[in-house]
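Here's the structure, in structure tokens; my notes come after.
Each reported figure results from applying straightforward, stated rules to the coordinates on display, with no laboratory input. Since the structure is predicted, the reported quantities are computational estimates derived from the model, not experimental observations. Here the Cβ positions follow ideal geometry from the backbone for every residue, glycine too, while neighbour counts run over all protein chains shown.
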Amino acid sequence: MEASASDASEIEIQRPPRPIAGVMRPPGSKSITNRALLLAALAAGESTLSGCLESEDTEIMRAALARLGVRCDASEGGARVVVEGAGGPLRRVSDPATAIDVGTAGTAARFLCAALAGSPIEVLVDGSPRMRERPMAGLLEVLGEQGAELRYHGRPGALPVTIRGAAEGLRGGEIRLARPPSSQFISALILAAPLARAPTRIVLEGGTPARPYVDMSLAVLEAFGGRGRWEGEDTIVAEPGVLQGRAYAVEPDASAASYFLALAAIYGGEVTIPDLGRASLQGDAQIAWVLGRMGAEVEQGPDSTTLRSAGRLRGIDVDLGEMPDMTLTIAVAALHAEGTTRIRGVEILRHHESDRLAAGATELRKLGAEVEEEAGGLTITPPVAGIRRGVAINTYLDHRMAMAFALAGEVTIRDPGCVRKTFPGYFDVLAELAMVRRP
């Protein structure tokens, strides 16, 4: 079997030799895949999930569910997963003395902790050194108030933690949250709400970051027979009940699609992303319109997105609070734009796989840009003399750093294997576009 391009310790990237043209098919959505896996695990009966993402994060979720007694049979390269649900709370764990390892997967860490809090078992949950640093305290505190017993083995409010789930299920009732550091806190409570004894009422006193991800959780919950809804602008109500297994198709990943759309916007050409349009559950599907504001031409139907560009972009002022994962994509596009680009509303990125604002600013400056780093964003002025060539980009063990900065031009990407977290074949796709220099 030919080795993947991402297996190398570093990869030299060059500009595409011709305009980008054609239909590009990104893998399935990580966010939807992990939500569907967990809900299928809690549902009664069998679920068949199609279009799933096969990546480090989804493998972590499947492995954790297998440890918790849920059969997850993957085929078709991981794109098809058959799940035999527990029909309610998770009731057993294999090798209980060994931690369930969530790696760097924030979705797995937060969603599993919430489901375990509503299950009558005791489980140790741990993650990577970076995951031990990422915010968990607000969610874990709420789970304790909901009836789970928590025992910390390091810093209070962080992994590793032993969770003894509430024997009779979560309490439900009203939960009041100040603005949490991640929308995943809210999504975790929504996904675990079927395990509660009473309706769960989540009051968001300061709003929510990245609300489209919360809406996604409500939509996937409904697909498996759950009930959840917004009441006004700041309150979510989710009902207890038994979920039902079903056939469920996962959308293509909008975050992955952003790199192909940005390639066409930067270097010229026309790209169509099928099965991803304005009907998408993913807020990141709106990235095409941000690139449109920068000068690209966009057509988006319910189920497809097409972007055309002559490769002439302009700087913009944009709030990406609803799609923070698109920040690095737009930041690198800003290198190729005329004028200054300001990105706002993304303070949440301080707590991801890396501090993406600090890391992004550092690498953009290496390429010659002037960058003002703010608490919640970046202001980027592209280099007057052109982007520096041959710069080695550090990726900080962060898949989005690697994928976004590969769009910059003539660069070397260090540790390209970090893309396995969400898009293992990313650099293989760039190789097909003649953008990877072979040794």
For D253, what charge total do you get from the other residues with a beta carbon under 9 Å from its beta carbon, if Lys and Arg give +1 and Asp and Glu give -1? -1
Rounded to the nearest 500, the 222 nm mean residue ellipticity computed for the chain from DSSP H runs (n ≥ 4, each -39500 (n - 2.57)) alone is -8500 deg cm²/dmol
Can you sort C113, C72 by how many other beta carbons sit within 10 Å, fewest first? C72, C113
Between the alpha-carbon centers of segment 217-237 and segment 1-71, tell me the distance in whole angstrom. 25 Å
Quick one: which residues, 5 or more positions from G103 or on another chain, have an amide H under 5 Å from its amide H? H modelled 1.01 Å from N in the peptide plane, none for Pro or chain starts. S128
Charges only on Cβ, +1 for Lys and Arg, -1 for Asp and Glu: so what's the dipole of segment 230-284 about the Cα centre, in debye to the nearest 20? 260 debye
Are there chymotrypsin sites (Phe, Trp or Tyr not before Pro) in segment 366-439 that DSSP puts in a loop and that have at most 14 other Cβ atoms within 10 Å, and which ones? none
With +1 on the Cβ of every Lys and Arg and -1 on the Cβ of every Asp and Glu, and nothing else charged, how large is the dipole of segment 133-256 about its Cα centre, in debye rounded to the nearest 20? 300 debye
Nearest 10, in degrees from 0 to 90: the angle of helix 254-267 to the longest Cα principal axis of the chain is 10 degrees
Tilt, helix 211-223 to longest principal axis of the chain (alpha-carbon atoms), in degrees rounded to tens, equals 50 degrees
About its Cα centre, what dipole magnitude does segment 30-235 give when the only charges are +1 on Lys and Arg Cβ and -1 on Asp and Glu Cβ, stated in debye to the nearest 20? 260 debye
Just to confirm the number: angle between the C-alpha axis of helix 183-192 and the first principal axis of the chain, 0 to 90 degrees, nearest 10? 30 degrees
